[in-house]
Amino acid sequence: MKRAIIALFALWMAAFSSQLFAEELIVYSGRSDKFIKPVIKAFTKETGIKVVLHTGSSTALLNKLNLEAERTKADLYISNDAGNLQKGTEFKLFQPMDDKMVKVIPANFRAKDNSWVGLSARARVLVVSTKDKSADFVKSVFDLADPRLKGKLGITHSSNESYIAGVTVYLRANNEKVIKSWLNGMKTNVGSSVFNKHSKIVKAVANGRKSIGLVNHYYIYRHLAKHPDAPIKVVLPDQRKDDMGVAWNVAGVAIVKHSSKKKAAQQLVEFMVSEAGQKLFAEVNQEYPTRPGVPAAEKVPTRASYKVADVPMTDLGEYRSATLDIIEAVGMP
C-alpha cells in the first residue's frame with residue numbers, strides 16, 4: 001500500500017513538473033530587450049506563462065536554430081528583420097500558423113505559408129540637421145551619394161540588418177547598376193567612418209558632427225522625446241511622383257518547428273498580434289503596428305500620410321543574398 005502511494009505521488013509530481021515546464025516558453029530574440037520586454041511582461045501577466053528570452057543578433061540566432069535542428073530548446077524565434085524570418089522559412093525551421101490566428105495582419109507583412117508574421121514596422125528615413133543647411137537639397141536616399149555630402153553623412157556598417165534590408169528594398173525598386181553607383185558614392189562620402197548604432201547617428205547629427213544620416217524612424221522620435229529642442233528633423237525620402245517611396249521593414253515572430261509547446265507558443269503570437277499587443281509596440285517602441293486600425297504613436301507620421309515602397313517583406317529574404325553580393329562587391333565598410 002505504501003509503495004502504491006509513493007508511486008502515485010511520483011506520477012503526480014512528474015505530471016505537475018511537466019505542466020510547469022509546458023508553461024515556460026523559450027524565445028530566441030533578435031530584438032533588444034527594451035523593445036520586447038514590455039510586451040512579454042504584459043503577456044505573462046495576462047496568461048501566467050513565463051517567457052525566457054535568449055537575446056542576440058537575429059542572424060546569429062537563426063544560424064544557431066539551424067544548427068540545433070530538432071535538439072533546440074527554443075519555442076519561438078523573434079527577428080528584428082523580415083529577411084532573417086524569410087530565410088528561416090526557406091530553411092524549414094518554422095511551423096506554419098493557423099490563418100485564423102494571423103489573418104489580422106496583412107499578407108504582405110507575413111510569410112506566404114504563415115510560417116512567420118510581422119509584428120511591428122519601421123521606416124528608413126533621414127535625420128537632418130536644422131542648423132546646417134548643406135543637406136537640405138536631399139530628397140531621395142540616392143542623393144546621399146552626392147559629393148557635397150563628403151564627410152557629412154552618417155550610416156551604419158554594412159552588416160547591420162536594417163541596412164541590408166533597406167538596400168534590398170532599393171534593389172527591388174531599381175536595378176543593380178543604380179544600387180552599385182549609389183553605394184560607391186556613399187562609400188566615398190563616409191570613408192571608413194561608419195556607426196554601429198542608429199542612435200549614435202542621430203546623436204552625431206544633433207551634436208553637429210554630421211549633417212544627415214540614414215536611420216530607422218523611431219530612433220529620431222526617441223531622441224526628440226528626451227531632447228525636444230535637439231536641432232534635428234525627420235525627412236521622409238523618395239516622395240516625389242516617380243520616386244519609389246520609403247523603405248519599410250518588419251520585426252516578426254515564428255513558432256519553431258520542433259517546439260513541443262505549440263499551444264503556449266500560439267498564445268504568445270495571438271497576444272502579439274492582438275490590439276493590446278500591437279498598441280504596446282506603438283506606444284513603447286514608437287514603431288508602426290502591422291495590424292490595421294491600431295495607430296502609430298502620436299508624433300509619428302501616419303502610414304497613410306506618405307508613400308511606402310511597394311516591396312513585399314518576403315522579398316527581404318528571397319533577395320538577401322543578391323544584396324549581400326552587391327555590398328561585398330562594392331566593399332562597403
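Each value in this text was obtained by applying a stated rule to the coordinates, not by laboratory testing. Predicted, not measured: the structure shown is a model, and the values here were computed from it. Every residue, glycine as well, gets a Cβ built from its backbone with ideal geometry; the counts of neighbours run over all protein chains shown.
First measure r as the distance between the Cβ atoms of A276 and S305, then evaluate 1/(1 + (r/R0)^6) with R0 = 35 Å and state the FRET efficiency to the nearest 0.05. Don't skip to the end; give the middle numbers.
Numbers: r = 25 Å, r/R0 = 0.71.
It comes to 0.90.
Per DSSP H run of at least 4 residues, take -39500 (n - 2.57); add these up for the chain, divide by its residues and hand me the 222 nm value, nearest 500 deg cm²/dmol. Intermediate results must be reported in sequence, preceding the final value.
Working: 13 runs with 145 residues, N = 333.
The per-residue figure over the chain is -13000 deg cm²/dmol.
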Compute the relative contact order of the chain as a whole-number percentage, counting only Cα pairs closer than 8 Å that sit 6 or more residues apart in sequence.
27
Rounded to whole Å, give me the distance from the Cα center of region 131-152 to that of region 289-309.
26
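Name the helices (complete DSSP H segments) of the chain with a Cα length along the long axis of 27 Å or more and a Kyte-Doolittle mean of at least -0.5, or state none. Working shown, then result.
Working: long enough: 2-22 (30 Å, 1.29).
Within the chain the helices that satisfy the rule are 2-22.
When a/c is below 1.5 the answer is rounded, else prolate if a/b is larger than b/c, else oblate, so apply that to the chain with a ≥ b ≥ c taken from the square roots of the Cα gyration tensor eigenvalues. Could the numbers behind the result be given before it?
On the way: a/c = 2.32, a/b = 1.99, b/c = 1.16.
It comes out prolate by the Cα gyration axes.
Over region 180-333, calculate the relative contact order: mean separation of alpha carbon pairs under 8 Å at least 6 apart, over the residue count, as a percent.
Values: 117 pairs, mean separation 39.2, N = 154.
Computed value for region 180-333: 25 percent relative contact order.
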Could you work out how much longer the chain between D325 and R209 gets when fully extended? Use 0.36 nm per residue separation minus the Cα distance between them, nm to one decimal.
38.6 nm
If I model a spin label at D113 and V52 as a point 7 Å from the Cα along the Cα→Cβ vector, what separation in nanometres do I get?
2.9
Diffusion coefficient, µm² s⁻¹, Stokes-Einstein with Kirkwood Rh over alpha-carbon pairs of region 98-156 at 25 °C and 0.890 mPa s:
165
Given backbone amide H placed at 1.01 Å from N, residues whose amide H is under 5 Å from that of I232, ignoring those fewer than 5 places away on the same chain, are T130
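In what sequence do D98, D229 fall when counting other Cβ within 10 Å, fewest first? If you can, show how the numbers build up before the last one.
Details: D98 11, D229 7.
Result, fewest neighbours first: D229, D98.
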